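Below is one structure, written out as structure tokens, with a few remarks after it.
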Amino acid sequence: MGAFSSAAKNTMLDALTITHASLHSADPGGTGANELTGGSPAYARQAPTFNAAASSSRALNANLAFDVPAGSTVAYVGYWNSATWLGSDPVTNESFTGQGTYTVLASGTTLSLSDS
């Protein structure tokens, strides 16, 4: 199979509409399972903003801060288009014994396409 140009990959990435990001305690699979819930203040999905794609990748524009309930472990970050599950990325597990904040850093978060 051939390879897509960087311009084609940029077009595909820019067409991907991600309206919300979520946190998951285990592999969300193909449905967005294992999403965190509860807490005070309550856990809620966050609305990310991504820069325009360049060089076959699209970077998160600003950090995302999530309230995390006590007793939770963050293992995955998920991506949604409204109520439609798009996919996820595994992260280094972080466990919270008390209520806390988990931050997805813009500096290390990109969507990318590559040829296999």
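Each residue of the stretch 58-65 was assigned a 3J(HN,Hα) from its phi angle through the Karplus expression (A = 6.51, B = -1.76, C = 1.60, θ = phi - 60°), giving 9, 8, 5, 7, 8, 4, 10, 10 Hz with x at Gly and Pro.
Here the spin labels are modelled as points 7 Å beyond Cα on the Cα-Cβ line, and at residue 55 and residue 105 they lie 1.8 nm apart. Sequence-ordered 3J(HN,Hα) estimates for the stretch 20-29 from the Karplus curve with 6.51, -1.76 and 1.60 and θ = phi - 60° stand at 8, 10, 9, 10, 9, 7, 8, 3, x, x Hz, glycine and proline given as x. Consider the candidate values (1) 2, 10, 16, 20, 24, 16, 7, 3, 1, 0; (2) 2, 12, 20, 22, 19, 12, 6, 4, 2, 1, 0; (3) 2, 12, 23, 23, 17, 11, 7, 3, 0; state which one is P(r) over Cα pairs in 5 Å bins from 0, in percent computed from the structure displayed. Of the listed options (1) 2, 10, 16, 20, 24, 16, 7, 3, 1, 0; (2) 2, 12, 20, 22, 19, 12, 6, 4, 2, 1, 0; (3) 2, 12, 23, 23, 17, 11, 7, 3, 0, (2) comes from this structure.
Can you tell me the dipole magnitude for the chain around its Cα centre, using point charges on the Cβ only (Lys, Arg +1; Asp, Glu -1), in Debye to the nearest 20?
With only Lys, Arg, Asp and Glu charged at Cβ, the dipole is about 180 debye.
Under the criterion of Cα pairs below 8 Å and six or more residues apart, the relative contact order for the chain equals 30 percent.
Plugging the Kirkwood radius over Cα pairs into Stokes-Einstein for the stretch 4-63, at a temperature of 37 °C and a viscosity of 0.692 mPa s, what D comes out in µm²/s?
Translational D for this selection: 242 µm²/s.
Between residue 92 and residue 5, what is the FRET efficiency for a Förster distance of 35 Å, r being their Cβ-Cβ separation, to the nearest 0.05? My answer for the efficiency is 0.55. Here r is the Cβ-Cβ distance between residue 84 and residue 112 and R0 is 22 Å; the resulting FRET efficiency, rounded to 0.05, is 0.60. Which one, 74, 91, 104, has the greatest fluctuation when you compute a Gaussian network model over the chain with C-alpha springs under 10 angstrom? Per the Cα network of the chain with a 10 Å cutoff, 91 tops the list.
Counting heavy atoms of the protein chains only and a 1.4 Å probe, report the per residue accessible area for the chain as a whole number of Å².
On the way: 6240 Å² over 116 residues.
Using a 1.4 Å probe on heavy atoms only, each residue of the chain averages 54 Å².
Could you identify which residue out of 22, 56, 88 has the top mean-square fluctuation in a GNM of the chain using Cα springs shorter than 10 Å? In the Gaussian network model the winner is 56. Mind listing the phi-derived Karplus ³J(HN,Hα) values for the stretch 33-43, rounded to whole Hz, using 6.51, -1.76 and 1.60 with θ = phi - 60°, and x for any glycine or proline? Listing the rounded values in order: 5, 6, 6, 5, 8, x, x, 8, x, 5, 4 Hz. On the chain, 50 percent of the accessible area sits on carbon and sulfur atoms, based on a 1.4 Å probe. Taking the C-alpha atoms only, the angle from helix 6-15 to the longest principal axis of the chain is near 40 degrees.
The values are calculated or read from the model by the stated rules, or taken from the named source; none is laboratory data. All figures in this text were calculated on a predicted structure; none of them were measured in a lab. Heads up, the Cβs are rebuilt from the backbone with ideal geometry, glycines too, and the neighbour counts pull from every protein chain shown. Note: areas computed on protein heavy atoms with side chains; ligands, DNA, RNA excluded. Shrake-Rupley method; radii C 1.70, N 1.55, O 1.52, S 1.80 Å.
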